[in-house]
Amino acid sequence: IRFPKALDYPPFSHIIALKISGKDRVKTRNWAMALGAACQRLAAGHGVHGHPLVVLGPAEAPLAKIAGRYRWQILLKSQSVTALRALVSSRLVNGKGMRPPSGVQVVVDVDPYDLM
């Protein structure tokens, strides 16, 4: 229990993993970088609904390619799961200009069990 508490991981905070994958290596990487930059801009502002936001990534997933799909991930941490969900649904996933390009998929995992 000391490890999650020291790193402010669940259950002491909340994490949303944005898992980006696609068959085109360059397109997938570029989208992960663009999405990561958007998250960093939000974190540099006032966070999410007054709650600080920590952005980790984008980074290649530990298993960078599975079944012909290149994989990247971004982790978002905050004390408020409601604020994180609002951020993802309104600004990142459904926000204007934040739709992934054709062939690139973004999966949202709230408080992920593992990060592989």
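Here are some notes:
- Assessment of segment 98-107 against the conditions (modelled with pLDDT under 85, loosely packed, with under 14 Cβ neighbours inside 10 Å and closer than 30 Å to Lys5 by Cβ) yields no matching residue.
- Criterion: at pLDDT 80 or above, of a type in the set (A, V, I, L, M) and under 10 Å from Ile16 (Cβ atoms) - qualifying residue of Leu75, Leu87: Leu75
- Residue in segment 42-59 that is modelled with pLDDT of 95 or more, out of contact with any Lys or Arg (no Cβ under 6 Å at 6 or more places or on another chain) and either closer than 14 Å to Leu115 by Cα or surrounded by fewer than 16 Cβ atoms within 10 Å (Cβ to Cβ) (or both) present: yes
- Checked against (1) loosely packed, with under 14 Cβ neighbours inside 10 Å; (2) at pLDDT below 95; (3) closer than 15 Å to Gln105 by Cβ, Leu35 passes all but condition (1).
- Selected residue (criterion: modelled with the lowest pLDDT) from residues of segment 1-32 that are more than 23 Å from Val106 (Cα to Cα) and in a helix (DSSP H, G or I): Pro4
- Sole residue being in contact (Cβ under 8 Å) with a residue 24 or more places away in the chain and touching a helix residue (DSSP H, G or I) at 6+ places or on another chain (Cβ under 9 Å), chosen from Leu53, Leu63, Leu75: Leu53
- If you go through segment 1-15 and keep only what is more than 16 Å from the chain's Cα centre (by Cα) and surrounded by 10 or more Cβ atoms within 10 Å (Cβ to Cβ), you end up with Pro4, Lys5, Leu7, Asp8, Phe12.
The values are calculated or read from the model by the stated rules, or taken from the named source; none is laboratory data. Keep in mind it's a predicted model, so treat the numbers as computed, not measured. Glycine also receives a Cβ, built like all others from the backbone with ideal geometry; neighbour counts cover every protein chain displayed.
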